[in-house]
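What follows draws every value from the coordinates through simple rules; no lab data is involved. Since the structure is predicted, the reported quantities are computational estimates derived from the model, not experimental observations. Cβ atoms come from the backbone with ideal geometry, glycine included; neighbour counts cover every protein chain shown.
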Amino acid sequence: MLDGKKTLFSGMQATGNLTLGNYCGALKNWVTLNDEYECFYSVVDMHSITVRQNPAELRKRARALLTLYIAAGLDPEKNCIYYQSHVSAHAELSWILNCYTYMGELNRMTQFKDKSSKHADNINSGLYTYPVLMASDILLYQADVVPVGADQMQHLELTRDIAQRFNNIYGDVFTIPEAYVGKTGARIMSLQDPTKKMSKSDENINASIYLTDDPDTIIRKFKRAVTDSSAEVRYDKEEKPGISNLIDIYRSATGKGIEEIEREFDGKGYGDFKLAVGESVADLLKPIQDRQVDLLKDKAYIDGIIKANAEKANYFANKTLRKVQKKVGFPERIR
Ligand code: TRP
């Protein structure tokens, strides 16, 4: 707990393009959280290399993501937005916690099973111990809450188990983190299969709106969105999952309510509705994209943020790391 505030930690990978789902479901709702929480958002580049990356590309994407967070409204003075690789405590704690994690636990991780079948030629041990690095990320900052999607829940459970195990042996060293259950945003579904979540790794590029898509692309993708044959703009997730998803997106982009939207398009065709949704999303994303472009040009400013926030992150992370090192019996540093 810092300044009487609880701590929130989240990590994001710079691989893959963020989608409208990531924005409406997460990022958009995070900009107000710094009033209530001390927030840390790490660009987890150490996690990214568990899968082979092009170095120049990784560096570029990591910077673009960090900048996007600021462009989307996270104030870098109030939120610690930093690169994981700039804080060596992540690697150090990760080693220690590896020694408190059982192979049986890691064997059960479904993401490891998925990723190893996708990258069968590179099942490296980093991929296997990835959840321990993730646990270290969270525990280093004594995070109370972690906003995670369903796919990361298993890793968060493991984090809690490792922390509990460590605390049982050494006393209260780690805060036991919980999933963030505050106001969560809309759950945005695929435009091509509205029963599936919109995903940055979808093979069909028409299924997802990327935050980098230009207005024409956005409008074209909405035109092609899968709907139904009844030509009625009505919210009904069971019968009309496609239209309901578009209504959710339109709600999220405009702040309008469901009934208001149904009235607005009463008697109009899907063509008009899809165009309106596309335009609302283009209007939502354009200012963020413009700000990101401007920020990326302002090297000195972004570099300053990177440096200051890495210092801040190092300060908090090292505090926990020193405590852990002492607990496990490493000799004291001579100063
Ligand atoms: N594993 C997460 C993902 O792939 C990213 C991540 C790394 C993370 N460390 C974290 C998320 C800590 C939350 C907290 O999406």
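Across 81, 306, 138, mean-square fluctuation computed from a Gaussian network of the chain (C-alpha pairs under 10 Å connected) peaks at 306. Each Lys and Arg Cβ is given +1 and each Asp and Glu Cβ -1; about its Cα centre, segment 146-221 then shows a dipole of about 160 debye.
Give me the Å³ per residue figure for the convex hull around the C-alpha atoms of segment 270-310. Before the final figure, lay out the partial values.
Working: hull volume 2.6 nm³, N = 41.
Per-residue hull volume (Cα only) is 63 Å³.
Along the charge dipole of the chain, which of 167, 32, 15 sits closest to the positive end, that is, farthest toward it, with unit charges on the beta carbon of Lys, Arg, Asp and Glu (+1, +1, -1, -1)? Farthest along the dipole direction, towards plus: 167.
According to the Cα-based calculation, Rg over Rh for segment 196-335 is 1.25, with Rh computed by the Kirkwood formula.
Going by a ≥ b ≥ c, the root eigenvalues of the Cα gyration tensor, does segment 219-272 fall in the rounded group (a/c under 1.5), the prolate group (a/b larger than b/c) or the oblate group? The shape class here is rounded. Does segment 1-99 come out rounded, prolate or oblate by the C-alpha gyration tensor, with a ≥ b ≥ c the root eigenvalues, rounded set by a/c under 1.5 and, if not, prolate when a/b is larger than b/c and oblate if not? Taking the square roots of the gyration eigenvalues as a ≥ b ≥ c, segment 1-99 is oblate.
Assuming 1.567 mPa s and 4 °C, estimate D for the chain with Stokes-Einstein, Rh taken as the Kirkwood radius over Cα pairs, in µm²/s. List each step's numbers first, then the result.
Working: Rh = 21.5 Å.
In µm²/s, the coefficient rounds to 60.
Among bridges DSSP assigns within the chain, what percent are antiparallel (round to 5)?
Antiparallel bridges make up about 15 percent of those DSSP assigns within the chain.
Once you charge only the Cβ atoms, +1 for Lys and Arg and -1 for Asp and Glu, what is the size of the charge dipole of segment 247-335 about its Cα centre, to the nearest 20 debye? Walk me through the intermediate numbers first.
On the way: 18 positive and 15 negative charges, 286 e Å.
Dipole of segment 247-335, to the nearest 20 debye: 1380 debye.
How large is the charge dipole for the chain, taken about the Cα centre, if only the Cβ atoms of Lys, Arg (+1) and Asp, Glu (-1) carry charge, to the nearest 20 debye?
Working: 45 positive and 45 negative charges, 229 e Å.
So the magnitude is around 1100 debye.
Adding -39500 (n - 2.57) for every DSSP H run of four residues or longer, then dividing by how many residues the chain holds, sets the calculated 222 nm ellipticity at -16000 deg cm²/dmol. Taking a ≥ b ≥ c as the square roots of the eigenvalues of the alpha carbon gyration tensor, segment 32-161 is oblate, as a/c is not under 1.5 and a/b does not beat b/c.
Straight distance only, please: which aspartates and glutamates reach the Cα of residue 237 with their own Cα at less than 15 Å, same-chain residues fewer than 8 apart left out? Qualifying aspartates and glutamates at Cα under 15 Å: 193, 228, 248, 259, 262.
Provide, for segment 8-167, the number of lysine pairs with alpha carbons under 30 Å apart, each pair being eight or more places apart or on different chains.
Numbers: 28/60; 28/78; 28/115; 60/78; 60/113; 60/115; 60/118.
Qualifying lysine pairs in segment 8-167: 7.
To the nearest 10 degrees, how steeply does helix 270-297 sit against the main Cα axis of the chain, on a 0 to 90 scale? So the helix axis and the longest Cα principal axis differ by about 40 degrees. Centre-to-centre separation between the Cα atoms of segment 240-300 and those of segment 119-186: 34 Å. In segment 128-222, if the dipole is taken from +1 on Lys/Arg beta carbons and -1 on Asp/Glu beta carbons about the Cα centre, which of 211, 134, 190 is farthest to the positive end? The Cα lying farthest towards the positive end belongs to 190. The long axis of helix 55-71 is offset from the longest Cα principal axis of the chain by roughly 70 degrees.
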